[in-house]
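Structure record follows, encoded as structure tokens.
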Amino acid sequence: MLKTLLALLATVWLFPSTARAVNPFDQFLTNLAQDRLAPFALDVGGLLGAADFHSARTLAFPGFDVGLVGSVQSKPEADDQIMNLAGVKGFGLPMLQASVGLPVIPLNLSVRGLSAGGAKFVGGGLRFGVYKSGLIMAIPDVSVNLNYDVMSHDVFKLGHMSAGVQASFNIPIVKPFVGIGFDRTKVEVNSPLSLLNGVSAKASGTRAQVGATISPLPFVYIYGAYNLLHGQTGYSFGLGAKFGGIL
């Protein structure tokens, strides 16, 4: 299990250098048409939203969670001709992500970002703990989150908002989780080489996730999840270090 997750994570992490021929952004201008912008935004937004969480338990102060995470979609949306005409099959995005617990209230602040496929993105968000189960393992932790990301590329720029609700079980070693979310994404052509320069489109989609976080060592975790991203199958996985805090 550990070797499989690390191999998948490495695949996404190495995506920009190992899959240049099918980089989902390489032929953006070549395959661009106004009615193709929204499906493209839907696909990219779903990937960003799929990395929003791997646990519903909020961190107490001064807790932290730092990791390398990634999301993969098995194929582009049928209407996403920007990617389909480029021959893109499965595609993914890696990111570095960090969260900290705030004092007094069950609220976590997160930041994330990285560069992949010629695009750079940065984002952040808040997670609020609705219910914390304590020592009762049969009752799940529940939280809600709100995130915003900005992506820039030589030929487009993109803004992504996501919101969701999650539940997870605080069981030793293996911690199952489920969640549902909503993504709202806007993409704008940003190239003087295109007649559509400045034209934008918005897309909204929902997603559902089910997975598990495994802690093979104290403060270390790996996780994997199956995703349903606006009707398309996908996966999320990650590796990181976490300290839940004491206050």
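The values are calculated or read from the model by the stated rules, or taken from the named source; none is laboratory data. Keep in mind that what you see is a predicted model, and the values were worked out from it rather than measured. Here the Cβ is made from the backbone with ideal geometry for all residues, glycine too, and neighbour counts use every protein chain on show.
Go through region 77-94 and report how many residues are at pLDDT 95 or above and either in a helix (DSSP H, G or I) or surrounded by 24 or more Cβ atoms within 10 Å (Cβ to Cβ) (or both).
Here the count works out to 5.
Among residues belonging to region 131-170 that are farther than 18 Å from ASP65 by Cβ and of a type in the set (Val, Ile, Thr), point out the one that is surrounded by the most Cβ atoms within 10 Å (Cβ to Cβ).
Result: VAL155.
Six or more apart or on different chains, Cβ atoms under 6 Å: show the pairs whose first residue is in region 146-158 and acidic (Asp, Glu) and whose second is assigned to a strand (DSSP E or B) and at pLDDT below 95.
What qualifies is ASP149/PHE121.
Scan ILE171, ILE246, ILE180 and give me the residue that is assigned to a loop (DSSP other than H, G, I, E, B), β-branched (Val, Ile, Thr) and either out of contact with any Phe, Trp or Tyr (no Cβ under 9 Å at 6 or more places or on another chain) or without any contact (Cβ under 8 Å) to a residue 12 or more places away in the chain (or both). Spell out how you get there, then give the answer.
Working: ILE246 fails: either out of contact with any Phe, Trp or Tyr (no Cβ under 9 Å at 6 or more places or on another chain) or without any contact (Cβ under 8 Å) to a residue 12 or more places away in the chain (or both); ILE180 fails: assigned to a loop (DSSP other than H, G, I, E, B).
Criteria check complete, one pass: ILE171.
Please specify each residue of region 127-137 satisfying the condition of being among the charged types (D, E, K, R) and part of a loop (DSSP other than H, G, I, E, B). Quick ask: steps written out before the conclusion?
As a first pass, look at region 127-137 and keep what is among the charged types (D, E, K, R): 127, 132.
The one that is among the charged types (D, E, K, R) and part of a loop (DSSP other than H, G, I, E, B): LYS132.
Counting only residues that are out of contact with any Leu (no Cβ under 6 Å at 6 or more places or on another chain), under 30 Å from ALA212 (Cβ atoms) and assigned to a strand (DSSP E or B), how many does region 138-159 have? Walk me through it before giving the result.
Narrowing region 138-159 to residues out of contact with any Leu (no Cβ under 6 Å at 6 or more places or on another chain): 138-145, 147-148, 150, 152-154, 156-159.
If we keep only those that are under 30 Å from ALA212 (Cβ atoms) too, we end up with 138-145, 147-148.
Subset that is assigned to a strand (DSSP E or B): 141-145, 147-148.
So the count comes out to 7.
For region 111-150, enumerate the residues that are among the polar types (S, T, N, Q) and within 18 Å of GLY45 (Cα to Cα).
Within region 111-150, SER115, ASN145, ASN147 qualify.
Count, please, the residues in region 64-76 that happen to be in a strand (DSSP E or B) and touching an Asp or Glu at 6+ places or on another chain (Cβ under 9 Å). Can you show your working first?
Step one: filter region 64-76 for residues in a strand (DSSP E or B), giving 64-73.
Going one step further and asking which of them are touching an Asp or Glu at 6+ places or on another chain (Cβ under 9 Å), we end up with 73.
The qualifying residues number 1.
Just give me the residues in region 24-46 being within 20 Å of TYR235 (Cβ to Cβ), at pLDDT 95 or above and not acidic (Asp, Glu), in sequence order. It would help to see each step written out before you state the result.
At the first step, the residues of region 24-46 found to be within 20 Å of TYR235 (Cβ to Cβ) are 24, 42-46.
Subset that is at pLDDT 95 or above: 42-46.
Matches in region 24-46: LEU42, VAL44, GLY45, GLY46.
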